[in-house]
Amino acid sequence: GVNNKLFDVKYKVLLLGDTLVGKTSLQRFIAGKDFRPDIGSTIGIDFVNKIIPVEKSKINLQIWDTAGQRNFRTIGKNYYASTKAFVLVYDVTNEESFHLIQQFNQLIEQTGLDIERRYLIANKIDLSQNRKVDEETGRRFALRNSMTYFETSCKTGENVLELFEQIASDLVRQH
Ligand code: GDP
């Protein structure tokens, strides 16, 4: 029959990374809001919903931000419980934000959650003049840590939707 439901299944996706790497901007893009070059460190949006069709199903990704908290352990347990995909974001113009990925990764490994679905996001690739972490370095790290690698720009929108489409499709295949 006709599928009238808004969505068939909902999955929680958690964005992790240093402050100012672009987590809020990724959410804003997904929510259809304009890019803001000037938002600075904001009180993040808790989550946005994005319905993505995969084959005959409508997948609702509920995309959560961690509100700029560096220390994953200080984030309430409710934040990461039942997470199905972890999106680790860094800013390619900021080496420190790349080094912090290792720590975020260790922290999620310590939660004992199913962390099979991990994505490494090299954001702000539009700022090529100021790029400090090259693609090769990012890809190598992702490969070594069983993460899927994406290069994105919230300014141009490059690869942002593709990232979440990939996550939705991976989750459908897994379940
Ligand atoms: P958050 O703290 O991780 O949520 O980061 P925000 O989304 O608040 O972004 C921090 C700053 O970086 C803001 O001024 C954004 O406009 C800017 N920004 C985010 N993504 C990009 C991007 O892909 N390219 C450029 N040029 N700036 C970005």
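The values are calculated or read from the model by the stated rules, or taken from the named source; none is laboratory data. What you are looking at is a predicted structure, and each value in this text was computed from that prediction instead of being measured. Neighbour counts are summed over all protein chains in view; Cβ atoms, including those assigned to glycine, are modelled from backbone coordinates with ideal geometry.
Remarks
- VAL92 satisfies every condition listed in (1) over 15 Å from TRP64 (Cβ atoms); (2) without any contact (Cβ under 8 Å) to a residue 40 or more places away in the chain; (3) in contact with a strand residue (DSSP E or B) (Cβ under 8 Å, 6 or more places away or on another chain) except (2).
- The listed residue being surrounded by 16 or more Cβ atoms within 10 Å (Cβ to Cβ), modelled with pLDDT under 95 and of a type in the set (Asp, Glu), out of ASP65, ASP91, ASP114: ASP65
- Candidates ILE101, ILE125, ILE121, ILE108 - the one that is part of a loop (DSSP other than H, G, I, E, B) and either in contact with a strand residue (DSSP E or B) (Cβ under 8 Å, 6 or more places away or on another chain) or within 15 Å of the ligand (Cβ to nearest atom) (or both): ILE125
- Residue count for segment 3-25 under the criterion of being near the ligand (Cβ under 7 Å from one of its atoms) and either closer than 25 Å to LYS58 by Cα or loosely packed, with under 13 Cβ neighbours inside 10 Å (or both): the result is 3.
- Flag for ILE167 being part of a strand (DSSP E or B) and touching a strand residue (DSSP E or B) at 6+ places or on another chain (Cβ under 6 Å): no
- Among residues of segment 122-144, those that are surrounded by 15 or more Cβ atoms within 10 Å (Cβ to Cβ), closer than 19 Å to ASN105 by Cα and in contact (Cβ under 8 Å) with a residue 24 or more places away in the chain, counted: 5
- Test for ILE75: is it surrounded by fewer than 20 Cβ atoms within 10 Å (Cβ to Cβ), modelled with pLDDT of 95 or more and more than 7 Å from the ligand (Cβ to nearest atom): no
Yes/no per residue for (1) assigned to a loop (DSSP other than H, G, I, E, B); (2) on the phi > 0 side of the Ramachandran plot; (3) modelled with pLDDT under 95; (4) not aliphatic (A, V, I, L, M):
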position	(1), (2), (3), (4)
PHE7	yes, no, yes, yes
VAL13	no, no, no, no
LEU20	yes, yes, yes, no
ARG28	no, no, yes, yes
THR42	yes, no, yes, yes
